[in-house]
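The values are calculated or read from the model by the stated rules, or taken from the named source; none is laboratory data. What you are looking at is a predicted structure, and each value in this text was computed from that prediction instead of being measured. Heads up, the Cβs are rebuilt from the backbone with ideal geometry, glycines too, and the neighbour counts pull from every protein chain shown.
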Amino acid sequence: MLAGLTLLAGAGVLTGPEVLRIAGGLVLAFVLPGVALTAALFRNRIALTPVERIMLVPALSLATLVLGGLLAWVAGLPLERGTWLGVSGVITMLALATMLIWPVAAPVKSRGPSKLPTPTDATLILPVFQAREAAAAGWWRRLLPARPQHTVLPLVLAVAMLGGASWYSVRTSVDTHDVTVTELSAAPPSPANPLGERSVAVSASGLAAGAGAYALVVTSPVGTESSRQELTAGSDGRWSGNVTVPGGERTTIGLYRAGDSLPYRTVIVAAG
């Protein structure tokens, strides 16, 4: 049944309408992996109370997403719908496969002592009465988890993994934000002179230091190189200067890195 639900949810995410995509995604993210892992890891069904099962299902599902997402990112996979679907579906199916390979029969719950009437002793003892007496005497105990390691510990681990993943995401975002970006810009060209040429003020930033690391090339619409000059950035990684372009044709100004055959940055100046 779990395998069938997994396949149906996956089909809904991939091909269904928006309502089915959302419903299938929520089930795959928060329910199915946790149910399959709980059944595979805790074979003794009576060892877990209903409260423990309710706590384990979302905790193990979230742990699956966090760990699976980190492994997918390390493997270079894009963190998109198909990847998340694969992580949830594969983990669910693997957990179900372990139950087929390594089956364990569920133990029968003991009903406790019982006694039927005899000619010498007419006392009748039924387990149901004993269960009710125990429930009435210790009702407050049922509000607390009988085995914290089955409820609190998985939830703490899931929160810790989510916190670690969040910290790593924020740290990566900060490191990426600090990366220097090379920019090339041009001001509106001046009016054409008597020779039909216009002057354009060009500036670049984020350049690496060193003479001859970059070249500024002016190219005509047919790909003919009109002019080329090497750039030497200042200590702040900036450069500015003027280039001359034809007034009657569309011109491309390209920034080339040393040894590159294609422009690293381009600016197009429209015909005057």
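Worth a mention:
Okay, residues lined up against (1) closer than 21 Å to G10 by Cβ; (2) not aliphatic (A, V, I, L, M):
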| site | (1), (2) |
| --- | --- |
| E52 | no, yes |
| L65 | yes, no |
| A72 | yes, no |
| A75 | yes, no |
| R81 | yes, yes |
| A95 | yes, no |
| T98 | yes, yes |
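- Matching residues in the range 249-268 - criterion: being farther than 15 Å from L207 by Cβ, modelled with pLDDT under 90 and surrounded by 12 or more Cβ atoms within 10 Å (Cβ to Cβ): E249, R250
- Pair list, Cβ under 9 Å, 6 or more apart: the range 85-102 residue assigned to a loop (DSSP other than H, G, I, E, B), other residue of a type outside the set (G, A, S) and surrounded by 14 or more Cβ atoms within 10 Å (Cβ to Cβ): W102/R43
- Applying the condition of being part of a loop (DSSP other than H, G, I, E, B) and not aliphatic (A, V, I, L, M) to the range 262-272 and asking which residue is farthest from Q229 (Cα to Cα) yields G272.
- Filter result for L67 (modelled with pLDDT of 85 or more, more than 20 Å from M1 (Cα to Cα) and surrounded by 14 or more Cβ atoms within 10 Å (Cβ to Cβ)): yes
- Residues in the range 201-221 that are of a type in the set (A, V, I, L, M) and touching a Lys or Arg at 6+ places or on another chain (Cβ under 9 Å): A204, L207, A208, A213, A215, L216, V217, V218.
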